[in-house]
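Just so it is clear, none of the values below were taken in a lab; they were calculated from the coordinates. Remember, predicted model here, so these are calculated numbers, not experimental data. Cβ sites come from the backbone with ideal geometry, for glycine too, and all protein chains shown count toward neighbours.
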Amino acid sequence: MLTEPGKTSILVAENLASMWFVLNTPQFSDHVLDVYGVDEEVRTPFASMRIVEVTDGDVHTGRIGSVIRTVWQVDNHGLRLGNDEFDSNAADGAFVLHPVFKFFLANQRIAVGERLGPELSCHKTADLVETGKGICFENIQVTWRISPNSAFCVKG
C-alpha cells in the first residue's frame, strides 16, 4: 500500500524530477557517457519518468529495496503522485520509455537507483543538504552500474 510522502521525501522527489528536463536534451547524452561510459544517442523522447521512494536500502552501498512507499510521475505536465502500476520494461533500443529513479533515505543520506534502459542502471549515494529552496545532493558517488557488456561495483 502506498503512503503519503513526508516533507523530505517530497523535496527529494522535486530534486530528482529536475532530471526530466535533461532527459530529452543533448545534455542527457553527456550524462549517459559520464555515468555509464556509453556514447548512446537518444533517439526517442521518453514518455514519462517515475520517482519511487522505497522502504529499505543502504545509504552507504547504494543498495535499493523493492518495497514501494510512494510513487511520483513526471512528464511535461509536471510532478504529481502516481501509482505503482507502470511498465518499467517497455523499451525502445537502449532506453526504457519510462525511466525509473528509486530512492531510500536515512540519516541525512540518500541511496538512488537509476534505471534508464535494459542495460543502463546504476546505484548512487550522496549526502542530503537542505537549502533555502529545497534539498541538494553532495558527495555523490556511483557505487554500482551496469552498461552494455559490463557490470561493476565501484565501492563495497
Normalised contact order of region 7-153, rounded percent, pairs of Cα under 8 Å and 6 or more residues apart: 20
Where trypsin sites (Lys or Arg not before Pro) in DSSP loops with at most 15 other Cβ within 10 Å are excluded, longest remaining stretch of the chain: 44-132
Extension reserve of the Ala91-Lys7 stretch, reckoned as 0.36 nm per residue once the Cα distance is removed: 27.0 nm
Over region 35-76, equivalent-ellipsoid semi-axes from the Cα gyration tensor in Å: 25, 18, 6
Value of Rg to Rh for the chain (Rh from inverse mean 1/r over Cα pairs, i.e. Kirkwood): 0.93
Karplus-derived 3J(HN,Hα), 6.51/-1.76/1.60, for each residue of region 119-130, Hz, glycine and proline x: 10, 9, 9, 8, 10, 9, 10, 6, 8, 8, 10, 7
Longest DSSP-loop-exposure-free segment, GluC sites (Glu not before Pro), the chain, at most 12 other Cβ within 10 Å: 86-156
Dipole magnitude (debye, nearest 20) for the chain, charges at Cβ of Lys, Arg, Asp, Glu: 320
Sites Asn83 and Ser150 - FRET efficiency at Förster radius 41 Å, r taken between beta-carbons, to 0.05: 0.75
Vicinal HN-Hα couplings computed from phi for region 47-63 (Karplus, 6.51 cos²θ - 1.76 cosθ + 1.60; Hz; Gly/Pro x): 6, 6, 9, 10, 10, 10, 8, 10, 8, 8, x, 9, 6, 9, 9, x, 4
